[in-house]
């Protein structure tokens, strides 16, 4: 269903550290308080809204961590057929840029699909409902993956092979920077890099064999202003409606 994919659209197949990048960058292009709001459509029909926010830079288990929050919900028209609302949170190590915890509360047509995952990065495992499962080295969860993608340096023609998503079975994802393009979305007109994702599994929004694209601003913020996925006759699109930059905070690194 379209709104199920919305909840995963900016996550499962988006990003993880490139094989050529072995250490976290010295700085990141997002700040606490940053908020992005999107209008989501499926085909030609408006489907709902989504927001992504860097809620804070806080302490988690003695480590500085970015607290990311994503919220998404179907609009009234779509909800007559399929109602969805979700809140997802990520605690992301601010020094090492890998996941510490991921939590999801999702309701689909009155059916709840909740999840709470803790990451043991030293042992390359994730712990969900008391059960330990393998995790890729330096695992990045679905929400944090969007922010990690923004730490990569885009240049036309560059290719990144992303190998440390949270679930090793989803590897790899090949990311190519196709071109520069100036586009208009509800939030304004932006110079962007067009990013293509080649995925090997059918998980989340992005589908094997589909045309999966993200437009990120060609400035230091690398804001994802548009996301599109086309598979067969189906298409999904999210466009930026509003953006709040956020502000620096003091935290010992």
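Under 9 Å by Cβ, and 6 or more places apart or on different chains, what pairs join a residue from the stretch 230-253 that is more than 17 Å from residue 198 (Cα to Cα) with one that is modelled with pLDDT of 90 or more and exposed (fewer than 13 other Cβ atoms within 10 Å of the Cβ)? Correct list of pairs: 239/186; 240/186; 240/188; 241/186; 242/186; 243/188; 251/59; 253/95.
Looking across the stretch 74-87, the residues that are in contact with a helix residue (DSSP H, G or I) (Cβ under 9 Å, 6 or more places away or on another chain) and modelled with pLDDT under 70 come down to 78, 79, 82, 83, 84. Out of curiosity, is residue 167 out of contact with any helix residue (DSSP H, G or I) (no Cβ under 7 Å at 6 or more places or on another chain) and modelled with pLDDT of 90 or more? It is false that residue 167 is out of contact with any helix residue (DSSP H, G or I) (no Cβ under 7 Å at 6 or more places or on another chain) and modelled with pLDDT of 90 or more. Looking only at residues in the stretch 88-134 that are modelled with pLDDT under 90 and crowded, with 17+ Cβ neighbours inside 10 Å, the one that is farthest from the chain's Cα centre (by Cα) is 108. Within the stretch 36-53, can one find any residue that is over 16 Å from residue 225 (Cα atoms), at pLDDT 65 or above and either in a loop (DSSP other than H, G, I, E, B) or within 14 Å of the chain's Cα centre (by Cα) (or both)? For the stretch 36-53, residues over 16 Å from residue 225 (Cα atoms), at pLDDT 65 or above and either in a loop (DSSP other than H, G, I, E, B) or within 14 Å of the chain's Cα centre (by Cα) (or both): present.
Can you confirm whether the stretch 144-157 contains a residue that is surrounded by 13 or more Cβ atoms within 10 Å (Cβ to Cβ), at pLDDT 90 or above, touching a helix residue (DSSP H, G or I) at 6+ places or on another chain (Cβ under 8 Å) and not in a loop (DSSP other than H, G, I, E, B)? The answer is no; no qualifying residue exists.
Here is a check on your reading of the model: is residue 4 outside any strand (DSSP E or B), out of contact with any helix residue (DSSP H, G or I) (no Cβ under 7 Å at 6 or more places or on another chain), more than 16 Å from residue 90 (Cβ to Cβ) and modelled with pLDDT of 60 or more? In short, no.
The values are calculated or read from the model by the stated rules, or taken from the named source; none is laboratory data. Keep in mind the model is a prediction, meaning the values are calculated, not measured. Glycine gets a Cβ as well: all are built from the backbone with ideal geometry, and neighbour counts include every protein chain shown.
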